[in-house]
Structures are given as structure tokens and as C-alpha cells.
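Undergrad: Sharing a structure, written as C-alpha cells. Questions coming.
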Amino acid sequence: MRDTDGPIACALTATQLREQRERWHELGSRAGIRVDRTRHGLSVVFENLPRVGDELTELTQLERECCPFADWAVRAFGAHVVLDVTAQDALAVRAIHDMQDGFTAAVAHGSPRPVEQLATPRYRSRTG
């Protein structure tokens, strides 16, 4: 469980944020299946294709650093790899729930939504 005493904010620079969003979008468009809202966050389901688990692990390592208010866990089983993004603090859970639209757009094949709107909570940024 993460320490939620810190701010509910993303610590990425604008360039890092854009690059991270592009990676999420690429992975979601290639292997994304669905996004499920849970009591404590989100579960994002991907096809267990080659390198999907590795890419999710890499992405979540950065997410743990920039969004430490959430727990980021990857689990694989059979044909699926699942990313669970969770928290116990109510404000942190709300921030995670606000990410749902971004993750949903990322897993939609051929999403018309701009990359800038993917997987970003609507909370303040530490960089501005």
C-alpha cells in the first residue's frame, strides 16, 4: 500500500507526460481489451501478447515514481495481463477513477481521442 500523505499529483514534466501517454496509447491500441472500475480503483485488461507484460511492467515502474499515491500492480494469467491501479484513500481513489476515460480511450482501437487526453488524472501537476 502506498503512502498517501503526499500530494495527489503527477510529477512528470510535460515532455515525460507526453511520452508516457504515447506509450500507454500504443500498448492499449495493440493489446487493450477493457477497463473495469473497482471499489478502490481500476483494472485494465490486456491481451497477453508478446512483450505486453514487459511493457506494462516498464510503464508501471514510472507510474509508481510519478504517481505514488496509487498502487500499480501487474498480474498475468492465461490469455490476459491485468493492470490493477488502486488506493485506500478516498481522494486517491477518485483520482484513479478519473483516469478511467484515458485508459478506456487508450484501449479502444483507433481511438479518435488526442494523445494529450489519455490516462491523466484531472488533479494538479507538481510542475505547474
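The values are calculated or read from the model by the stated rules, or taken from the named source; none is laboratory data. Just so we're clear, the structure is a prediction, and the values are computed from it rather than from any experiment. So basically every Cβ, Gly included, is an ideal-geometry build from the backbone, and we count neighbours across all protein chains shown.
Undergrad: Only one of 108, 70, 90 is modelled with pLDDT of 85 or more and within 16 Å of the chain's Cα centre (by Cα); which?
TA: 70
Undergrad: I need a count of the residues in the stretch 57-94 that are within 16 Å of residue 20 (Cα to Cα) and out of contact with any helix residue (DSSP H, G or I) (no Cβ under 7 Å at 6 or more places or on another chain).
TA: Matching residues across the stretch 57-94 total 10.
Undergrad: Right, another one. Go over the candidates 87, 76, 14 one by one and state the one that is among the hydrophobic types (A, V, I, L, M, F, W, C) and buried (at least 17 other Cβ atoms within 10 Å of the Cβ).
TA: Just a single option satisfies the conditions, and that option is 87.
Undergrad: Just give me the residues in the stretch 28-69 being assigned to a helix (DSSP H, G or I) and touching a strand residue (DSSP E or B) at 6+ places or on another chain (Cβ under 7 Å), in sequence order.
TA: 31, 52, 53, 56, 57, 60, 63, 64, 66
For (1) modelled with pLDDT under 95; (2) exposed (fewer than 14 other Cβ atoms within 10 Å of the Cβ); (3) over 18 Å from residue 98 (Cβ atoms), each residue gets a yes or a no:
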| residue | (1), (2), (3) |
| --- | --- |
| 3 | yes, yes, yes |
| 20 | yes, no, no |
| 41 | no, no, no |
| 46 | no, no, yes |
| 62 | yes, no, yes |
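Undergrad: Every residue in the stretch 70-102 that is assigned to a strand (DSSP E or B) and either touching a residue at least 60 places away in the same chain (Cβ under 8 Å) or among the aliphatic types (A, V, I, L, M) (or both), please.
TA: 71, 73, 74, 76, 81, 82, 83, 85
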